[in-house]
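Peer 1: Let me begin by handing over the structure; questions about it come next.
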2 protein chains.
Amino acid sequence: MQHALRRLEARGLVEARPKAGYFLSLRPESPTTPRSRARIVAPRAASVSDLLLDIMGRGAAFDLVPDPLAGSLPPGVLALNRAVGRALRRRRGGGYQYYDAPAGEPELREQLALQHARRGWPVEPERLCVTSGCQHALFLALMACCERGDVVAVESPGFYGVLQLLEQLRLQVVEVPASPDTGMDMDALEQVLDRWKVKACVVSPAFATPGGALMPEASRRRLLALAEQHDLAVIEDDIYAETALGPVPDPLKALDTQDRVILCGSFSKCLSRDLRLGWVSGARWHERVLRLKLVTQLAGSRFLQQGVADFMADGGFAAHLRRQRHDLRVNRDQLIDRLRRWPGEVRVSRPEGGLAVWVELDVGIDTLAAYDRALEQGVVITPGPLFSGSGQFRNCLRIGFAHRWHPDRLVALERLADVLYAA
Amino acid sequence: MQHALRRLEARGLVEARPKAGYFLSLRPESPTTPRSRARIVAPRAASVSDLLLDIMGRGAAFDLVPDPLAGSLPPGVLALNRAVGRALRRRRGGGYQYYDAPAGEPELREQLALQHARRGWPVEPERLCVTSGCQHALFLALMACCERGDVVAVESPGFYGVLQLLEQLRLQVVEVPASPDTGMDMDALEQVLDRWKVKACVVSPAFATPGGALMPEASRRRLLALAEQHDLAVIEDDIYAETALGPVPDPLKALDTQDRVILCGSFSKCLSRDLRLGWVSGARWHERVLRLKLVTQLAGSRFLQQGVADFMADGGFAAHLRRQRHDLRVNRDQLIDRLRRWPGEVRVSRPEGGLAVWVELDVGIDTLAAYDRALEQGVVITPGPLFSGSGQFRNCLRIGFAHRWHPDRLVALERLADVLYAA
C-alpha cells in the first residue's frame, strides 16, 4: 500500500503531507512544456563571457529578490548547525594538527554510502571521496578523464557551471538538445557521437537544471549502451536528487555495470550551500580522482564532516528532507499558478524535483536584454542564454522556487512580467 | 630599543618570552648545517610513486608518533573554535542558501590585508582570494600561469606537495639546489634559466620545508631580477611565515614591483589544519586565478570565514601566535639538543621558523630503507628522498618540532636512532 502510494506520489498524482498522510494532488491543469530545442553545432572551445559570469553569480541563489538576511532558518538547518557546533566543541587533543583521511572522514563516507544504498546503489565507503562541493567533484571528474582539447557532450539547455569548467580546462563542448521533461535527447546524442569523437558526457539524470527534467529508465539504459559503444566517460551530476518532491530517484550509477559513470553530488541544493561538502565516486578513474583531490585541496574540514555525519546518523537529515519536500511542492505550485496568469503564451516545465522551472515566452521576448532592466527593479533573473554555450534560448528563463513566495517575491514576479512584456 | 631587540631576536641572539621580556639565548653550540646539495638534472615530467604518497600522508602532521587524540587543545585553538561556534550560532535568515562572494568573505579578506600590511605589503582586500588551503592556492597559481608541458623550477630539497601538483598538471620539473639556511641557490637558478626555458619558479622564502631556510634580501632581489630577465612567474609559498620564532619576515611579494609574484598562504601551519582556509594573490594572473577558484570550488564556507575573521579582529590570532612562538622555540631547542647526542656525524639545520629541522646523517645511512622498520616501532619518519623529485638525500630526513617533546616522543626519537644506526 505504502509502496503503491509512493509510486503514485512519484507520478505527482498523490501528495504526501508530513503527519497527515497522502492526498490526491489537486494540481492545476498542467501548462504545456517548453519546446525550444537546441541546435546541434560542431564542437568548439567553450567560452563564457564576463557578463554571463556576473549573472551566474547572482542567479546561483535561485531567488528573484536575493536577501540573505530575510526569513528564518528552517528547523533542519538549525539542527544541522547544532550538530556541527557539537562536533566543534567535541574537539580534543591535537586533532587540529592533523589532516583528515585522503578520501575524507570515514564516518561521513559511511553515511553517504547508506544514503546511496537506499537509492539502489550499494557502494563501499572506500569508493566515495569527499570534496569541497559538487563543482569541485565535477572538476575532479573532468580533469581525471579528459585531456586538453577533448570534446565533452553536455545538455542544452544545461548547467552553466559545466561550461565554465570546460572553458578553464581548455576542453571543447558539443551541446546535445535536452527536454525539460525527460532530459538529454538520446537520438541527438547518438547523432553527435556518430559524427564527432567525444570523450565524456555530463548529464543530470535527476532534475536537471534549468527545467528539472527526470531522465526515464529507457534513456538511461540507452545512454549507458552508447557510452560503451563509443567508450565514453559519463559524468553524473546528481546534485538535485534529494530535492525530489516524491521518492528520490535512483542514480544512473545504479545501472552502471561497466564502471564508467562518475557520480558527483553535494549537500548544497538540498541542505546548505554553506557546508561546502560534496562527494565523487570516480568509477575506473577513481584513483586519479583521489590524487587530484589531494593536490587540489589536500584535505577537508574534519569537524564539519563529523557534524554532518552525526546529523545524518541521528535522522536529522531525513527529517529535514521530508519537511523541505512539502515546502518545495507548495512553492512550485504557487509559482506555476502565477506564471499561468502572465499574458501571451507561457510554457512552463513542471518538475518533480529541483529548485526551478524553465519558462518559455513568446519568441519576440528577449530575456537577456531584460536582465539589466529587471535588476533596476531589484529583480534578479537567470536568462535562457545562460544555459547554453551558444547563446540560444533568448525567449526563455529559469525561475526558482527554492524560497517561499512571501509578498516581496510575488511583487517581484509581477515587476518581472512588466519588464518582460514592456519591450 | 624594542626594534633593536626584535632584530637581535630575529638573529636568534635574544629570545622574547611572553609576559617576561627579552632574554639572551642560552642556546647550545650551533650544530653544523647540512651540506648535501642537489644535483641539477634536465627538466623532466614530475612523477611521485605510490610509496611516497603513503609516506607523505603520514608525515604531514610533523609528528614522530601521530596520535590526534593525545594532549590538549592550546588556548588559541579553543578561542578559535569558540569564535567559529559563535559565527555558526549567529546564522540568521536564508543565508545558508547563498554562496559567499567569489573571492571569499570580505571581512576575512580585510583581516588578511591588515595582516600582510604589517609585514610590509599593503594590499587591497580585492587583490586577495580566499581558497581551500595553501595547496589549493598553489594549484590555482600553477594552473593560472602554466600550460601542460611547461617547465617549473622548484627548491631541492623542497615541498613534496608541489611535485605532486606538477605531476597531476602534467608539468615538467627542474630542481634547483637549496640550502637549509638561505633557501634556493641563485647561482644555480641562473644556470638553470640560462640553459632551459622555465615558465615559473616556486619558492618558500620564509622557512622553507624541510630545513626552515630564510631567504636573505639579496637573494630575494636577485630572484626578482632573474624573473624579469627570463619572464618568470614566481609562486611564493608563504605558508610558514607566521611560524616565525622571532619577528615575522616580510613576504617576497613586498619587493615585487612587476606584479609577477603570486603569493599563497594558509592558516594550516600556524593555527589549525582543520579550517581548510588559505589565500592567494594572483598578481597579473589574478583574474584567471579567480575564475579557476570559482570553477574548482565555487565558494567557501561563510560561517567558517566569519569566525576566523572575528578571531583575527579581536586579537585572538595574534595572542595565539605569541604563545606558539615561545613553545616552538622550546621544542626546536630540545630536538636539536637530543640530535646532538646521536652517534656519528649529525648535521642539523637551526631554523628561525617553520615546524621542522633537516637532518643529515652519515653517507651510508638510508632513511628511505629505514621507513618501514621505524613504522614497525610505531615511529613515522619523513625520509629525505621525499623532498626530491629524483630520489636524492637518502642520508637525510626531516624531523618535526610542532609537538611538545613529551616522554613518548623522546622514546620514539631514541628508537629512531636505534633503527637508523642498526643497519
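The values are calculated or read from the model by the stated rules, or taken from the named source; none is laboratory data. Here the structure is a predicted model, which is why all the values come from computation and not from measurement. Methodologically, a virtual Cβ is constructed for each residue, glycine included, from the backbone with ideal geometry; neighbour enumeration extends over all protein chains shown.
Peer 1: Working only within segment B:103-150, note down all residues that are away from chain A (no Cβ under 13 Å) and of a type in the set (Lys, Arg).
Peer 2: From segment B:103-150, those away from chain A (no Cβ under 13 Å) are B:106-129, B:145; that's our starting set.
Matches in segment B:103-150: B:109, B:118, B:119, B:127.
Peer 1: Here's another thing I want to ask about it. Within the bounds of segment A:248-257, is there any residue that is in contact with a strand residue (DSSP E or B) (Cβ under 9 Å, 6 or more places away or on another chain), among the β-branched types (Val, Ile, Thr) and closer than 25 Å to residue A:43 by Cβ?
Peer 2: The answer is no; no qualifying residue exists.
Peer 1: If I ask for residues that are over 15 Å from the mean Cα position of the chain (by Cα), surrounded by fewer than 19 Cβ atoms within 10 Å (Cβ to Cβ), part of a loop (DSSP other than H, G, I, E, B) and acidic (Asp, Glu), which ones from segment A:206-257 would you list?
Peer 2: A:231
Peer 1: Among the candidates A:80, A:108, single out the residue that is touching a residue at least 12 places away in the same chain (Cβ under 8 Å) and not assigned by TED's automatic domain parsing to the domain that holds residue A:269. Spell out the reasoning first.
Peer 2: Values: A:108 fails: not assigned by TED's automatic domain parsing to the domain that holds residue A:269.
Only one candidate passes the filter, namely A:80.
Peer 1: Provide a single number: the residues in segment A:273-303 that are more than 8 Å from chain B (Cβ to nearest Cβ), closer than 16 Å to residue B:168 by Cα and β-branched (Val, Ile, Thr).
Peer 2: The total comes to 1.
Peer 1: Pick out the one residue from A:188, A:144, A:137 that is part of a helix (DSSP H, G or I), surrounded by 23 or more Cβ atoms within 10 Å (Cβ to Cβ) and over 18 Å from the mean Cα position of the chain (by Cα).
Peer 2: Details: A:188 fails: surrounded by 23 or more Cβ atoms within 10 Å (Cβ to Cβ); A:137 fails: over 18 Å from the mean Cα position of the chain (by Cα).
Of A:188, A:144, A:137, the one residue that is part of a helix (DSSP H, G or I), surrounded by 23 or more Cβ atoms within 10 Å (Cβ to Cβ) and over 18 Å from the mean Cα position of the chain (by Cα) is A:144.
Peer 1: Right, another one. With the structure loaded, tell me whether residue A:175 is outside the structural domain of residue A:62 (by TED's automatic domain parsing), farther than 30 Å from residue B:87 by Cα, at pLDDT 95 or above and assigned to a strand (DSSP E or B) or whether it fails that test. Spell out how you get there, then give the answer.
Peer 2: On the way: outside the structural domain of residue A:62 (by TED's automatic domain parsing): yes; farther than 30 Å from residue B:87 by Cα: yes; at pLDDT 95 or above: yes; assigned to a strand (DSSP E or B): yes.
Criteria met by residue A:175.
Peer 1: I'd like to verify a number: residues in segment B:189-209 that are within 17 Å of residue B:229 (Cα to Cα) and β-branched (Val, Ile, Thr), how many?
Peer 2: In the first step, residues of segment B:189-209 are kept if they are within 17 Å of residue B:229 (Cα to Cα); the result is B:189-202.
With β-branched (Val, Ile, Thr) added as a condition, the list becomes B:192, B:198, B:202.
Adding up the residues that qualify gives 3.
Peer 1: Among the residues of segment B:53-78, count how many are crowded, with 18+ Cβ neighbours inside 10 Å, part of a helix (DSSP H, G or I) and away from every other protein chain (no Cβ under 12 Å).
Peer 2: Residues that pass the stated criteria total 1.
Peer 1: Does any residue of segment A:333-353 turn out to be in contact with an Asp or Glu (Cβ under 7 Å, 6 or more places away or on another chain) and within 28 Å of residue B:57 (Cα to Cα)?
Peer 2: No, segment A:333-353 contains no residue that is in contact with an Asp or Glu (Cβ under 7 Å, 6 or more places away or on another chain) and within 28 Å of residue B:57 (Cα to Cα).
Peer 1: What are the residues in segment B:169-208 that are of a type outside the set (D, E, K, R) and on the phi > 0 side of the Ramachandran plot, if any?
Peer 2: Keep residues of segment B:169-208 that are of a type outside the set (D, E, K, R), which gives B:169, B:171-174, B:176-180, B:182-184, B:186, B:188-189, B:191-193, B:196, B:198, B:200-208.
Within segment B:169-208, B:183, B:207 meet the criteria.
Peer 1: Residues of segment A:219-238 being free of Cβ contacts under 8 Å to residues at least 24 places away in the same chain and aliphatic (A, V, I, L, M), which ones?
Peer 2: A:225, the sole residue that qualifies.
Peer 1: Anything in segment B:292-312 that is modelled with pLDDT of 90 or more and either of a type in the set (D, E, K, R) or outside the structural domain of residue B:83 (by TED's automatic domain parsing) (or both)? List them, or say none.
Peer 2: Step one: of segment B:292-312, the residues modelled with pLDDT of 90 or more are B:292-293, B:304-312.
If the condition is that a residue be modelled with pLDDT of 90 or more and either of a type in the set (D, E, K, R) or outside the structural domain of residue B:83 (by TED's automatic domain parsing) (or both), then B:293, B:310 are the ones that fit.
Peer 1: Next question, about the same structure. With respect to residue B:80, determine if the residue is modelled with pLDDT under 85 and hydrophobic (A, V, I, L, M, F, W, C). Walk me through it before giving the result.
Peer 2: Values: modelled with pLDDT under 85: no; hydrophobic (A, V, I, L, M, F, W, C): yes.
When the stated conditions are applied, residue B:80 does not pass them.
Peer 1: Let me ask something additional. Only one of (1) touching a helix residue (DSSP H, G or I) at 6+ places or on another chain (Cβ under 7 Å); (2) buried (at least 21 other Cβ atoms within 10 Å of the Cβ) is not met by residue B:392, so which one is it?
Peer 2: Result: residue B:392 fails condition (2) only.
Peer 1: Could I ask something else about it? Can you tell me which residues in segment A:87-120 are in a helix (DSSP H, G or I) and at pLDDT below 90?
Peer 2: Here is the first cut: in segment A:87-120, the ones in a helix (DSSP H, G or I) are A:87-89, A:95-97, A:106-117.
If the condition is that a residue be in a helix (DSSP H, G or I) and at pLDDT below 90, then A:87, A:88, A:89, A:95, A:96, A:97 are the ones that fit.
Peer 1: Scan segment B:191-205 for residues that are farther than 19 Å from residue B:262 by Cβ and in a helix (DSSP H, G or I) and report the count.
Peer 2: Residues that pass the stated criteria total 4.
Peer 1: If you don't mind, there's one more thing I want to ask. Restricting attention to segment A:151-169, does a residue exist that is assigned to a strand (DSSP E or B), farther than 30 Å from residue A:349 by Cα, within 14 Å of chain B (Cβ to nearest Cβ) and polar (S, T, N, Q)? It would help to see each step written out before you state the result.
Peer 2: Step one: filter segment A:151-169 for residues assigned to a strand (DSSP E or B), giving A:151-156.
From what's left, farther than 30 Å from residue A:349 by Cα: none.
The answer is no, given that none of the residues of segment A:151-169 is assigned to a strand (DSSP E or B), farther than 30 Å from residue A:349 by Cα, within 14 Å of chain B (Cβ to nearest Cβ) and polar (S, T, N, Q).
Peer 1: Might you check whether a residue that is at the interface with another protein chain (Cβ under 10 Å from one of its Cβ atoms), over 20 Å from residue A:240 (Cβ atoms) and out of contact with any Gly (no Cβ under 9 Å at 6 or more places or on another chain) occurs anywhere in segment A:180-195? Walk me through how you get there before you give the answer.
Peer 2: Restricting attention to segment A:180-195, the residues satisfying the condition of being at the interface with another protein chain (Cβ under 10 Å from one of its Cβ atoms) are none.
Within segment A:180-195, none of the residues are at the interface with another protein chain (Cβ under 10 Å from one of its Cβ atoms), over 20 Å from residue A:240 (Cβ atoms) and out of contact with any Gly (no Cβ under 9 Å at 6 or more places or on another chain).
Peer 1: Which one is nearest to the other protein chains (Cβ to nearest Cβ) among residues in segment A:40-52 that are in a helix (DSSP H, G or I) and surrounded by fewer than 16 Cβ atoms within 10 Å (Cβ to Cβ)? Spell out how you get there, then give the answer.
Peer 2: Of segment A:40-52, the ones in a helix (DSSP H, G or I) are A:50-52.
Checking the rest, the ones that are also surrounded by fewer than 16 Cβ atoms within 10 Å (Cβ to Cβ) come to A:50-51.
Working: A:50: 9, A:51: 14 Å.
Here the answer is A:50.
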